[in-house]
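Before any comments, here is the structure.
The values are calculated or read from the model by the stated rules, or taken from the named source; none is laboratory data. Computed from a prediction, not measured in an experiment: that's the story for all the values here. Don't worry about glycine lacking a Cβ; one is built from the backbone with ideal geometry, like all the others, and counts go over all protein chains shown.
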Amino acid sequence: MAKSHALNNNLGVDFVTVYRFATGDKAKAEQRFEDLIQRLASVGLASEVRNGENHSLLVFVRVSSEQHMFGEVYRSRVKDWVHGARSAEPSCEVRQTLEQDPMSEAERFRIIYQLITNPQSEGGAGITPKKGDWENVESVFALHDHVYNKEWIKKWSTQWILTAQDLDEIRDRMGEKIAYYFAFTQAYFSFLLFPAGFGILAWAFLGYYSTIYAMICSLWCVIFTEYWKHQEFDLALRWGVRGVSAIEDKRHEFKPTKEVTDSQTGEKIGTFPPQERLQRQLLQIPFAIAAALALGSLIAMCFGIEVFISEVYDGPLKSVLVFLPTVILTTCTPLISGIMTTFATRLNDFENYETHTRYERALTAKIFVLNFITSYLPVMLTAFVYVPFGSIIVPYLDIFSLTVKPFAENEKQMTAPKHPSQFTINPARLRKQIIYFTVTAQVVGLAMEVIVPYLKRQGFIKIKQMQSARAKASGGITPSAGADDAPEEKEFLARVRGEAELDVYDVTTDLREMVVQYGYLTLFSVIWPLVPLSFLINNWVELRADAVKICVEMQRPTPWRADSIGPWLDALSFLTWFGSITMSALVYLFSNDGLGPDGSPASIKGWGLLLSIFFSEHLYLLTRWAASTAISEIDSPGRQKARRERYLTRQKLFQESLDQTHQLPTLSEKGEQLSRTDLEEEARQGSLNTRSPEEKFWARQQGWRTSAQVGRDFIARAVPDQKEAGREKKEL
């Protein structure tokens, strides 16, 4: 019962700050901790402190008063309105505003987190975890709502499609950035229904490397990409975050080189010259070359070893040695990728971007280069090197005989054929490779992402319990972190200490996974038409597994806002374009029942290959223009909401102006109020020569009744028109 209560109640805690200290300099640790509590109190945050694990303190934080929270909400929404993210000006009566537009849990947590981390010059406490003076602050996170998490997982596990309400609920709980990931994955999953069904038919009746399948799949990729552009714009309107990237605060790590005064506002702004940043960005060229050489050489070497062992070597342990390239790749690829990722991060830091959005966009572009090489180069080597030129390159693979020399019985078992006619390529090799990347690797990746971290965490807990039990038996046990916990708080604090040890969720990792998967479909699915079916099944599981991962394996994410999936949209567009090239090339090379050039480039007509690519690319450009034009005409709930808000805003302003106008006396009222004295004064003024022609013109008739009478007199004195009179007689 106590455990259930601990899971169901967060005791009003908004955030938990983990303060880890070194026992060597306790005086410094105490001073830093006092500064932390004072900073929190200075921005209206109340705090409670409890003991944590491994020389750490848990600082529980909440907003001290409702009025203080109202003030922060008003300032946040005014800032959105000023920058155009909100269509209507927030009312100063915040309580009334919140009744009309309630504050979501995500908005509350985001505002409080910014209150903790924003600089003091912007009204925050200026506490930046693991940076500068706050290196002792290990993390700042909100507690999970376990009741909601349980209902969320149960609901999603029993329904096939995520609805718009489900996505809105994620947005209200975890912010727009994570909601965009789930919205994209759901849209991608829904769109996969068509290519999955068509792929089954193509696999059964059209065979591999079908021209019809390639055209339909490429068309589908274009339509999906353009649809998602339309959809994410609609979501931005519906969620009220259109343009929020333009109002992002500057990064704490941004280092301006000079301070200038804005000529319009007069405020001092730290800037970094664009020319200097461009010079630093030029370093991306050698970075890309170095990444291509390092990763490309590794993959090419393992590719050559694998071909040599599987196609040339004919000695003992061949069935075991064939896994040697996989072992090398599995060991070395993460190592080299990690080194290159570190270089990419440092280069990104060196480029000195002002905002997190620009920083992430630049870093994503660099990481995408690494992902592109590691994910797609092995397949490209097989499709565009091994199959067309296998008989030419195999004789030069003798260099890899060193890998099997300790196991070979004689030189003949390691000797590559010297003449192209003595070697026959394996036509099924490419298809098996695609099946591995699109089925086996997806299953392994899912297990490594969800199951392995869970088992590892449970193992660490067991080991820790065993160590505690052994220390207790030997009498050398140290007091546990929860030794002094109050009985009514024990279960709750145990849960918080567990959540403090969890990893931080990074939605960019999951987005990258989806985009790389999409690349296999748009680039190589013509090799094996069941690729969309495999991804359809995988993504249904992936959506639920990611929900479980967030709820169980990660700290509760900070609900950041976003108005798109960011740079990954550019990656989608690039892969779609590149897919139009690879699809046409694969169809041209393998249209002879999937055998391809059979290891000899003599059958490849260069003009035919280039013509196929040229035609396919221009067909892509035409299709993209048509799809973009057609989809842009589609109405959507977000656009309807935006139109309704603009209409209501116009009506409100018009009505306010109209009410002010109605308070003024009308001309009819002025005409009726003219007295004999007014008329005599007008006559006296008219006899003077001080009036301008304009004043004399408008003084001849007083009020609308005089104007009406003059008009009637003109009509009565008018001479009848002869032609008009003749027409009237004819009509009679």
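A few remarks follow.
- Filtered residues of the stretch 394-407 (kept if surrounded by fewer than 16 Cβ atoms within 10 Å (Cβ to Cβ) and either assigned to a helix (DSSP H, G or I) or touching a residue at least 12 places away in the same chain (Cβ under 8 Å) (or both)): TYR396, ASP398, ILE399, LEU402, PHE407
- Test for ASP314: is it among the acidic types (Asp, Glu) and either under 30 Å from ASN352 (Cα atoms) or modelled with pLDDT of 90 or more (or both): no
- Candidate set from the stretch 213-262 (those that are of a type in the set (Gly, Ala, Ser) and modelled with pLDDT of 90 or more); member that is nearest to TYR588 (Cα to Cα): ALA214
- Being within 28 Å of CYS217 (Cβ to Cβ) and out of contact with any strand residue (DSSP E or B) (no Cβ under 7 Å at 6 or more places or on another chain) is a condition met by at least one residue of the stretch 168-180.
Quick grid of which residues meet (1) modelled with pLDDT of 90 or more; (2) buried (at least 18 other Cβ atoms within 10 Å of the Cβ); (3) more than 20 Å from HIS252 (Cβ to Cβ):
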{"residue": "GLY123", "(1), (2), (3)": "no, no, no"}
{"residue": "GLY132", "(1), (2), (3)": "no, no, no"}
{"residue": "ASN136", "(1), (2), (3)": "no, yes, no"}
{"residue": "TRP152", "(1), (2), (3)": "yes, yes, yes"}
{"residue": "LEU162", "(1), (2), (3)": "no, yes, yes"}
{"residue": "ALA183", "(1), (2), (3)": "yes, yes, yes"}
{"residue": "PHE189", "(1), (2), (3)": "yes, yes, yes"}
{"residue": "GLY197", "(1), (2), (3)": "yes, no, yes"}
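- Applying the condition of being of a type in the set (Phe, Trp, Tyr) and surrounded by fewer than 19 Cβ atoms within 10 Å (Cβ to Cβ) to the stretch 360-389 and asking which residue is modelled with the highest pLDDT yields PHE384.
Per-residue answers, yes or no, for (1) closer than 30 Å to PRO195 by Cα; (2) in contact with a Pro (Cβ under 9 Å, 6 or more places away or on another chain); (3) assigned by TED's automatic domain parsing to the domain that holds LYS366:
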site: GLU226; (1), (2), (3): yes, no, yes
site: GLU232; (1), (2), (3): yes, no, yes
site: SER245; (1), (2), (3): no, no, yes
site: ARG280; (1), (2), (3): no, no, yes
site: ALA291; (1), (2), (3): no, no, yes
site: SER297; (1), (2), (3): no, no, yes
site: VAL312; (1), (2), (3): no, yes, yes
site: THR326; (1), (2), (3): no, no, yes
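- Some residue of the stretch 21-31 being under 30 Å from LYS150 (Cα atoms) and either surrounded by 18 or more Cβ atoms within 10 Å (Cβ to Cβ) or out of contact with any Gly (no Cβ under 6 Å at 6 or more places or on another chain) (or both): no
- Here the stretch 585-624 is the region considered, the condition is being assigned to a loop (DSSP other than H, G, I, E, B) and aliphatic (A, V, I, L, M), and the residue that is modelled with the highest pLDDT is ILE604.
- Taking residues in the stretch 27-40 that are of a type in the set (Val, Ile, Thr), and partners anywhere that are surrounded by 13 or more Cβ atoms within 10 Å (Cβ to Cβ), the pairs with Cβ atoms closer than 7 Å and at least 6 places apart or on different chains are ILE37/SER47.
- Some residue of the stretch 517-525 being in contact with a strand residue (DSSP E or B) (Cβ under 6 Å, 6 or more places away or on another chain), of a type outside the set (A, V, I, L, M, F, W, C) and modelled with pLDDT of 90 or more: no
- One residue from THR576, THR558, THR508, THR582 being more than 30 Å from GLY243 (Cα to Cα), in the same structural domain as GLU360 (by TED's automatic domain parsing) and of a type in the set (Val, Ile, Thr): THR582
- Annotation note: Cβ proximity below 6 Å between a residue of the stretch 701-720 that is in a loop (DSSP other than H, G, I, E, B) and a residue that is modelled with pLDDT under 75 (sequence gap 6+ or interchain) occurs for GLN702/LEU674.
- ILE112 meets the stated requirement of being closer than 15 Å to TYR74 by Cβ and either charged (D, E, K, R) or surrounded by 18 or more Cβ atoms within 10 Å (Cβ to Cβ) (or both).
- Filtering GLU53, GLU72 for residues that are at pLDDT below 90, within 30 Å of ARG242 (Cβ to Cβ) and among the charged types (D, E, K, R) leaves a single hit, GLU72.
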